[in-house]
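Before any comments, here is the structure.
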Amino acid sequence: MALHLVKLCVGVDSPDQLQQYIEHRQVLALAAGVSDEQVHTTRMVPTRIEELLDGGSLYWVIKGSIQVRQKLIDIRVLKDDGGRKQCELVLEPHLVHTHQQPRRPFQGWRYLKAEDAPADMRISAVSGDIPESMRQELQELCLI
């Protein structure tokens, strides 16, 4: 059974803003002639890497709720200039919207068991036809 990570997405107000940020970084990387691989660097190295790479995702907490996830492709353990371990979480660049799940603020990342992870939303529920704020209200009312 897959194991996941959950992390705060600081400075981002919506899943749309996060997707725009990802796409902007990809464009800049391609223009600079470097890999457009989606990588998030974190200081703490997970000890359960094999479980995370067995279908795991990084779930992003945006504005106090898990709202989206990105599939983990690889986890690379590195050392910084001072010899301290850190890791790169290599992610698919596409966001998968999930049902919102409230989360209190925390530092770093946390493991998230598969049975505790919010379910993915149906494609029709995340359609760009409705504003993000309305979608959130409808979801809170369990209408989507």
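Let me know the shape class of the range 19-119, please: from the alpha-carbon gyration tensor, a ≥ b ≥ c as square roots of the eigenvalues, rounded when a/c is under 1.5, otherwise prolate if a/b is greater than b/c, or oblate. Oblate, because a/c is 1.5 or more while a/b does not exceed b/c.
Shape call for the range 38-83 from the C-alpha gyration tensor, a ≥ b ≥ c root eigenvalues: rounded (a/c under 1.5), prolate (a/b greater than b/c) or oblate? Oblate is the answer for the range 38-83, as a/c is 1.5 or above yet b/c matches or exceeds a/b.
Assuming R0 = 30 Å, can you tell me the calculated FRET efficiency for the pair Thr47 and Ile130, based on Cβ-Cβ distance, to the nearest 0.05? Calculated value: 0.15. With all protein chains kept in place, the per residue accessible area of the chain amounts to 61 square angstrom at a probe of 1.4 angstrom.
Surface composition of the chain: carbon plus sulfur atoms contribute 51% of the solvent-accessible area (1.4 Å probe, protein chains only, all chains present).
The values are calculated or read from the model by the stated rules, or taken from the named source; none is laboratory data. Nothing here was measured: the structure is a model prediction, and the numbers come from that model. Here Cβ is always computed from backbone atoms with ideal geometry, including for glycine, and neighbour counts include all displayed protein chains. Areas reflect the complete protein model, heavy atoms only, side chains present, ligands, DNA and RNA absent. Shrake-Rupley method; radii C 1.70, N 1.55, O 1.52, S 1.80 Å.
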